[in-house]
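Structure record follows, encoded as structure tokens.
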Amino acid sequence: MKSFASDNYAGVLPEMMEALTKANTQHARSYGADEITARTVSKFREIFDADVDVYFVFNGTGANLLSISSATHSYNAVLCADTSHIYNDESSAPETFTGCRFFPLKANDDGKLDVATIQERLIRKGDVHYPQTAMLSITQATEYGTVYTPEEIRAIADVTRQNGLYLHMDGSRFFNAAASLGCELKDISGKAGVDILSLGGTKAGMMFGEAVVVFNKELSKHIAYKHKQIIQLASKTRFIAAQFEAMLENDLWRKTATHANNMATMLRSALEQNSKINITRPTQANAIFAEIPREWYEPLQEHYPFYVWKDSTHEVRLMCAWDTKEEEINNFITALNAL
């Protein structure tokens, strides 16, 4: 059974299986001291056109915790969108592991943070009675499947830089965002002023693993120790690195992310033909948000699971993945229209 619930539900790209098999032929040094990891880090530096440091982790929560903890102390605060994953979907892990206070800022209708909203929350600097803001985190693509442009990121980076903050990007669907914009990975990360990036691999088609990409060398001082402290240093790092090497080779990420985005566009176009459906957000990456009749939930989810995003308004989220097929979209629309 295929699903529109999440790109996490999808299987693993054949190229990832091949990369894992190749990495499994011989013994190799552990904890990232192997040749595959070294080669992959070099590939990252080439792709991002910067002397980045790269730390491979098991999962997205780990990537965000490592990124945030590298830039903060327990008396600090982190600003993020009220829709963000780190605020809503990582339990209390960010607060527990970093000790920081997380302040949610009101996202606009597209799920993005505006410069004015950020500036309004930069208050009480130097006040010992108030947690001191050290970092701003934005999500690319956002939780609503929308995409920050390079210009928007640079504008936000200007604010963080002027106020002595670090800019973190939660990029669990970073590849989808870059494919949507038709840009290079560097254009919406380091070159746009991002200090540290949580780069998603699992949602893009890897079996497991994410990467933390450090652009600001100030954050490299302690991050290796944090990597171990938060239990994200894999002994067999090469199996994460090998998948990223394959993902970056010949822009495989762009091919697969573009397909997922195109399937979402196709699904949205079909949904728009039904007068009982209200599309609620722009479709810029691989997600569609729509309001559908409540009584459709169960019959549709018997064959095509999806997430109910906001039950009070009957808003649901439909996700496409690297392996979504036109036939599956057509079957879903047929089932939906029959209702």
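Remarks
- Full-extension gain in nm, ARG161 to THR96, via 0.36 nm per residue minus C-alpha separation: 20.7 nm
- Placing unit charges on the Cβ atoms of the charged side chains and taking the dipole of the range 252-338 about its Cα centre, the candidate lying farthest along the positive direction among GLN301, ALA338, GLN273 is GLN273.
- Two-site label geometry, GLU184 and LYS228: point separation in nm, points 7 Å out along Cα→Cβ: 3.6 nm
- For PHE102, residues with placed amide H under 5 Å, excluding near neighbours: VAL78
- Near VAL78: Cβ cut-off under 14 Å, other residues only, Lys/Arg at +1 and Asp/Glu at -1. The net charge is -3.
- Spatial separation of Cα centroids for the range 243-257 and the range 66-81, in angstrom: 30 Å
- Computed from backbone phi with θ = phi - 60° and the Karplus coefficients 6.51, -1.76 and 1.60, the 3J(HN,Hα) list for the range 76-81 is 8, 10, 10, 9, 7, 6 Hz; x is used for glycine and proline.
- Counted charge near SER198, where neighbours are those whose Cβ lies closer than 9 Å (Asp, Glu -1; Lys, Arg +1): -2
- Label-point separation, ASN330 to LYS125 (7 Å along Cα→Cβ), nm: 5.9 nm
- Long-range amide H partners of ASN278 with built H, under 5 Å: GLU291
- 3J(HN,Hα) along the range 247-258: 5, 7, 5, 6, 6, 4, 4, 5, 4, 6, 5, 4 Hz, from the Karplus curve 6.51 cos²θ - 1.76 cosθ + 1.60 with θ = phi - 60°, whole Hz, x for Gly and Pro.
- Note that the range 226-233 has calculated 3J(HN,Hα) couplings of 5, 3, 6, 4, 8, 6, 10, 8 Hz, one per residue in order, obtained from phi through the Karplus relation 6.51 cos²θ - 1.76 cosθ + 1.60 (θ = phi - 60°); glycine and proline are x.
- Candidate values (i) 1.03; (ii) 0.98; (iii) 0.95 were compared with Rg/Rh (Cα atoms, Kirkwood Rh) computed on the shown model; the agreeing label is (ii).
- A cut-off under 12 angstrom between Cβ atoms defines the neighbours of PRO94, and their net charge, with Lys, Arg +1 and Asp, Glu -1, is -3.
- Hypothetical label at ILE279: residues of the range 133-149 whose amide nitrogen lies under 15 Å (7 Å Cα-Cβ projection): 145-147
- Candidates ARG154, ARG121, ARG268: whichever shows maximal mean-square fluctuation once the chain is modelled as a Gaussian network with Cα springs under 10 Å: ARG121
- In this Cβ point-charge picture (+1 for Lys and Arg, -1 for Asp and Glu), the range 13-250 has a dipole of about 700 debye about its Cα centre.
- Under a Gaussian network description of the chain, with springs only between Cα atoms under 10 Å, the residue in ASP114, ASP51, ASP89 that fluctuates furthest is ASP89.
- A Förster radius of 22 Å, combined with the Cβ-Cβ distance separating ASN8 from SER312, puts the computed FRET efficiency at roughly 0.30.
- Cα-centred dipole magnitude for the range 3-60, charges only on beta-carbon of K, R (+1) and D, E (-1), debye, nearest 20: 180 debye
- Of the chymotrypsin sites (Phe, Trp or Tyr not before Pro) found in the range 58-145, the ones in coil according to DSSP and having at most 16 other Cβ atoms within 10 Å of their Cβ are PHE58, TYR75.
Read-outs throughout are calculated quantities, based only on the coordinates presented, and are distinct from any laboratory measurement. Only a predicted model underlies this, so the values are computations on that prediction, with no experimental measurement involved. Every residue, glycine as well, gets a Cβ built from its backbone with ideal geometry; the counts of neighbours run over all protein chains shown.
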